[in-house]
1. Taking R0 as 41 Å, what's the FRET efficiency between LEU40 and LEU200 from their Cβ-Cβ distance, rounded to 0.05?
2. Find the Rg to Rh ratio for segment 1-115, where Rh is the Kirkwood radius over alpha-carbon pairs and Rg uses the same atoms.
3. Suppose the chain between MET115 and ARG219 were pulled fully straight at 0.36 nm per residue; how much longer would it get relative to their current alpha carbon spacing?
4. If packing is taken as the average number of other Cβ atoms within 10 Å across a peptide's residues, how do 107-113, 39-45, 232-238 rank, most packed first?
5. For segment 210-268, what is the relative contact order in percent, using Cα pairs closer than 8 Å and at least 6 residues apart in sequence?
6. Based on the Cβ-Cβ distance of VAL171 and HIS238, what FRET efficiency does E = 1/(1 + (r/R0)^6) give at R0 = 25 Å, to the nearest 0.05?
7. Angle check, please: helix 206-217 long axis (alpha carbons) against the longest principal axis of the chain (alpha carbons), in degrees 0 to 90, nearest 10.
8. Once you keep just the Cα pairs under 8 angstrom separated by 6 or more residues, what percentage relative contact order results for segment 114-205?
Amino acid sequence: MVQRFTQMPSALRPNARWEKLGELRIPALLVHPDWDRVALRPPVILWMHGRTASKEIDPGRYLRWMRAGIGACAIDLPGHGERLDPALQDGSRTLDVVKQLVDEIDEVIAALQRMNAFDTQRIGVGGSSAGGMAALVRLCRPHGFACASVEATSGSWEHQVAKGRQMFRQVALETVNATNPIQHLDGWREIPFQALHAKLDEWVAVDGQAAFIEALRQRYVDQSKVEFVVYDRTGAPHEHIGFGLKAADAKDRQRDFFRRWLTETERK
């Protein structure tokens, strides 16, 4: 815990807490703009990281949200961070991780509601890579999220299957499509949605996410609520992790998106 604490930016440390949420004791990093004034109940974002990372990755994201008056609830994926299981970090188990994570989301939300430190009527959801996949699956089912932002992920899994990605190898197409978001858009509610992607992403090809975004837009009455940001070469590892030279712009765009749709002044 001390190591995690000291890895936080100094401006974020007083506002960061580590908790175990719900009966499943899901490890979470909670960031509140002002813990001494929890009665103000700011909006909050549930954030899910990618494979082989942990909830403490990229604290600059949470710092931006905090300064915008928005809280963060970042959780460890199954087998990651505080619940480390190296077997679950193998690429062949990613689909298992995503499915388990989807089933845990409601437990996390219920725990936040009981805590009563955040306004769970103004809650956003998002994630990167595998975490983003879980967010997209969950959004195809009834939910209470006000908006969503994902990055370096895909909602059209057939494209990943066609490219032979490890998580889908030896998995029947029927099994893939049982949770493949693009196959379940009848359950999608028209909420503000943002996706960020690198054009040259080597792990999650942009064409799959582009196909998902197009299918999503066709279902929206107000297509302006669907935002798709694609960066040219970023210099990031595999053009996938963190957006490299475009990282600050990506974080700023995401902060502005959440601020627009979650803060009271912007929504009135």
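Please treat every number below as a calculation from the coordinates, not as lab data. As the structure is a prediction and not an experimental result, all values here were calculated from the model. Note: ideal-geometry Cβ built from the backbone for every residue, glycine included; neighbour counts use all protein chains shown.
1. Working: r = 43 Å, r/R0 = 1.04.
Computed FRET efficiency for LEU40 and LEU200: 0.45.
2. Numbers: Rg = 14.1 Å, Rh = 14.6 Å.
Rg/Rh: 0.97.
3. Working: separation 104, 0.36 × 104 = 37.44 nm, distance 3.54 nm.
Length gained, MET115 through ARG219: 33.9 nm.
4. Numbers: 107-113: 18.0, 39-45: 19.7, 232-238: 13.9.
The most tightly packed comes first, giving 39-45, 107-113, 232-238.
5. On the way: 24 pairs, mean separation 8.9, N = 59.
Dividing the mean separation by the residue count of segment 210-268 yields 15 percent.
6. Working: r = 22 Å, r/R0 = 0.89.
Efficiency, rounded to the nearest 0.05: 0.65.
7. Around 70 degrees separate the two axes.
8. Working: 119 pairs, mean separation 31.2, N = 92.
Over segment 114-205, the number comes to 34 percent.
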